[in-house]
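The values are calculated or read from the model by the stated rules, or taken from the named source; none is laboratory data. From a predicted model like this one, the values you see are computed outputs, not experimental measurements. Glycine gets a Cβ as well: all are built from the backbone with ideal geometry, and neighbour counts include every protein chain shown.
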Amino acid sequence: MSNLLYLVRHGENVANLTKEFSFRKVDYSLTARGRLQAEQTGDLFAGKKVDAIYSSPLKRALETAEIISGKIGVPFYVDEAFREINIGALEDMPPTAATWDIHNRIIAEWFRGNHSARFPEGDDYHSLWRRFQNGLERALDGRENQHVMIVGHSGMFTMVMGDFCSLEAVEDIHSVENKNCSITTVEVERANHAYIGRLIRWADADHLHGEAAIQTPIFLEGSVADLFPSDDKGRDDACDCNIGGGF
């Protein structure tokens, strides 16, 4: 039993421009460009089969889902499981080079395989993965040969993709930026009490044109050095990220 999954990143919102951390407290609506991106994405899906839409509860995803839903006439459902990575106490901090360094060092630990590295008062990789799988359980349970859309976030989609689709060369997807309103297509089956995927296409944004094709970088400028290391597990500056509330 398999289904087709469309993972759609939300359109542009203010936090993409300010580089603020956003999980719950920081929650901006789409910009005018973000709405245009969502409209063009809806136009694309008007010619495709979509049986259900699920969305993160954050405004940028909700508004993207609402626009797409209106274009294709398919209702959408909100699921807390598809909220962005819980960056915990970082959400209360300004988006400086120092705070982005904390963020990126924890992400780098996850890519190194240290899945217990945790954002202070937030997710470790294990909790993010469980949340994603729980959301898939609700979205896909009982479905067969259906096409389901999830409107959500680059952080979650990027981090879980390696395990979700059993990618041997996960660095290949990191060379393609997950742009606003990009579409990742995955064929999904259930096996061994979990949903597993086969990646068909990662972060396709070819449908965006004109103003909607203009994108802002995901990360703070200059903050991404050595984010995806592969052979330096013994580095002296590797982050000891099992921190509970302070830095």
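Observations on the structure shown:
- Count of region 153-180 residues which are assigned to a helix (DSSP H, G or I), among the hydroxyl-bearing types (Ser, Thr, Tyr) and either out of contact with any Asp or Glu (no Cβ under 9 Å at 6 or more places or on another chain) or at pLDDT below 95 (or both): 1
- Among residues that are in contact with a strand residue (DSSP E or B) (Cβ under 7 Å, 6 or more places away or on another chain), in a helix (DSSP H, G or I) and at pLDDT below 95, Ile68 is not included.
- Top-ranked residue of region 36-58 - restricted to ones that are buried (at least 18 other Cβ atoms within 10 Å of the Cβ) and touching an Asp or Glu at 6+ places or on another chain (Cβ under 8 Å), ranked as farthest from Asn16 (Cα to Cα): Tyr54
- Some residue of region 126-149 being among the basic types (Lys, Arg) and surrounded by 19 or more Cβ atoms within 10 Å (Cβ to Cβ): yes
- Of all residue pairs spaced 6 or more apart or on separate chains, those with beta-carbon atoms under 7 Å, a first member in region 9-26 that is on the phi > 0 side of the Ramachandran plot and a second member that is outside any strand (DSSP E or B) and at pLDDT below 95 are Lys19/Leu220.
Table: residues versus (1) over 15 Å from the mean Cα position of the chain (by Cα); (2) in contact (Cβ under 8 Å) with a residue 24 or more places away in the chain.
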position: Ser116; (1), (2): yes, yes
position: Gly135; (1), (2): no, yes
position: Gln146; (1), (2): yes, yes
position: Ile150; (1), (2): no, yes
position: Ser154; (1), (2): no, yes
position: Phe157; (1), (2): no, yes
position: Gly162; (1), (2): no, no
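- Flag for Ala89 being in contact with an Asp or Glu (Cβ under 8 Å, 6 or more places away or on another chain), under 30 Å from Leu36 (Cβ atoms) and either crowded, with 21+ Cβ neighbours inside 10 Å or at pLDDT 95 or above (or both): no
- Hits in region 175-188 - residues which are in contact with a Ser or Thr (Cβ under 9 Å, 6 or more places away or on another chain) and either among the charged types (D, E, K, R) or surrounded by 16 or more Cβ atoms within 10 Å (Cβ to Cβ) (or both): Glu177, Asn178, Lys179, Asn180, Cys181, Ser182, Ile183, Glu187, Val188
- In region 92-125, residue nearest to Leu167 (Cα to Cα) [restricted to those that are acidic (Asp, Glu) and in a helix (DSSP H, G or I)]: Glu109
- Any hit, region 128-141, residues being outside any helix (DSSP H, G or I), out of contact with any Lys or Arg (no Cβ under 8 Å at 6 or more places or on another chain), closer than 23 Å to Ser55 by Cα and not aromatic (Phe, Trp, Tyr): yes
- Selection of region 189-247 for residues being farther than 23 Å from Val176 by Cα, loosely packed, with under 12 Cβ neighbours inside 10 Å and at pLDDT 70 or above yields Ala191, Asn192, His193.
- Scope region 195-210; condition more than 13 Å from Leu7 (Cα to Cα) and touching a helix residue (DSSP H, G or I) at 6+ places or on another chain (Cβ under 6 Å); matching residues: Tyr195, His207, Leu208
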